[in-house]
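Reading through the structure tokens given below for one structure.
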Amino acid sequence: MREHTQDGQGEMQRWAQAGEDVRTALQDLSDELYGLPYALMIDGHASRRVWPGLHNNKQGLPPDPNDPRLWLPGSGLPASWNPVSIIRMNCAQAEMPRLVSVTETLKNGTTKPLKTSSDLYYPEDRPEGHPWFLFTEPRNYGKKRHGQWKSRWRADPGKASKNADERKENELNSPWYSMTTREVTPMHTLNGYAREALAVAAARLSHQALSWSDRTRYPAPLHAALQMDLGHPQFRRSEPKEQASLDILKEASGTDA
């Protein structure tokens, strides 16, 4: 792969080059798969400037002839070389909706409101092309569940007293939590493939952590690629310098890098 550096190229050309490199990789992948269908998972937040055809406001529109970037990762490739679906993941919490309450339908047909969940949900009205949201209940959601009903701004500061009967708990000292959200959006899915099945598969691939019992931030293929990049920087094509790229890396790795 070529190094994506600012060697006199404009910003748009750099992103166009990145898209070309991915298309070349997909072309090579088709030779390895011998016609086996595949779905392509991408980090929608990190690659937002690479493929405009994956933007929400570009759905149903034709490619812009004045834009040098590829419209989609497989644009220009034979149909048999293209993925059957592009699964756009987004784990940028600043852009994600927060779980306030969900309604779960039980097997007997009754419904039950939930304040927290670690399941996969879709919008109730199910608009065309809708995303799924994978929520994760925090690990410190234990006996103390103040965050289920209020925020820290409404926490009771409690009361200290030598008399045990007069003491009141300082709720600020208790564990608080924030639900995390992952967006899973299968896009440009071919006929014969169910978007729901692809979303469920992506969610299940977030349960493949090797070193702990909880979920990884990204599904296994993206998580492995990120960890290889972080663990072997000597093979990195280029080091991000722009603040936006550094913020993406920090959000993806869960560190202050």
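Among all lysine pairs in region 110-225 that are eight or more places apart or on different chains, how many have alpha carbons less than 30 angstrom apart?
Summing the qualifying lysine pairs gives 18.
Share of region 62-112's accessible area from carbon and sulfur, percent, 1.4 Å?
Details: 1600 of 2900 Å².
Ligands and nucleic acids excluded, carbon and sulfur give 55 percent.
Taking a probe of 1.4 Å, how large is the accessible area per residue of region 162-225, in Å²? Before the final figure, lay out each step's value.
Working: 3900 Å² over 64 residues.
I get 61 Å² per residue for this part.
For ASP119, enumerate residues with amide H under 5 Å from its amide H, sequence gap 5+ or separate chain, H modeled in the peptide plane.
Result for ASP119 returns PHE135.
Counting only protein heavy atoms and a 1.4 Å probe, tell me what percentage of region 151-235's accessible area is made up of carbon and sulfur. Please list the in-between numbers first.
Details: 3110 of 5760 Å².
Ligands and nucleic acids excluded, carbon and sulfur give 54 percent.
Where does the charge balance sit around LEU61 when Lys and Arg score +1, Asp and Glu -1, over other residues with C-beta under 15 Å from its C-beta? Mind showing how you got there, number by number?
Numbers: positive: LYS58, ARG69; negative: ASP64, ASP67, GLU128.
With Lys, Arg at +1 and Asp, Glu at -1, the neighbours total -1.
Among the GluC sites (Glu not before Pro) in region 1-93, which ones are in a DSSP loop with at most 14 other Cβ atoms within 10 Å of the Cβ? Mind listing them? Let's see the in-between values first.
Numbers: sites: GLU3, GLU11, GLU20, GLU32; in loops: GLU3.
Of the GluC sites (Glu not before Pro), the ones in loops of region 1-93 whose Cβ has at most 14 other Cβ atoms within 10 Å are GLU3.
When ligands, DNA and RNA are left out and all protein chains stay put, how many square angstrom of accessible area per residue does region 15-56 have with a 1.4 Å probe?
Working: 2030 Å² over 42 residues.
Counting only protein heavy atoms, the per-residue value for region 15-56 is 48 Å².
Please sort 123-131, 95-103, 193-201, 216-224 by packing, taking for each peptide the average over its residues of neighbouring beta carbons within 10 angstrom, highest first.
Numbers: 123-131: 11.0, 95-103: 12.6, 193-201: 15.8, 216-224: 19.0.
Taking the mean over residues of other Cβ atoms within 10 Å, the ranking is 216-224, 193-201, 95-103, 123-131.
Once the Cα gyration tensor of region 1-135 is diagonalised, what are the square roots of 5 times its eigenvalues, in whole Å and ordered largest first, as equivalent ellipsoid semi-axes? Write down the numbers at each step before the final one.
Details: eigenvalues 247, 72, 39 Å².
Equivalent ellipsoid of region 1-135: 35, 19, 14 Å, largest first.
The values are calculated or read from the model by the stated rules, or taken from the named source; none is laboratory data. Worth saying up front: this structure is predicted, and the values here are computed from it rather than measured. Cβ: placed from backbone, ideal geometry, glycine included. Neighbour counts: every protein chain shown. When the accessible area is computed, the model is the full protein with side chains, heavy atoms only, and any ligands, DNA or RNA have been set aside. Shrake-Rupley method; radii C 1.70, N 1.55, O 1.52, S 1.80 Å.
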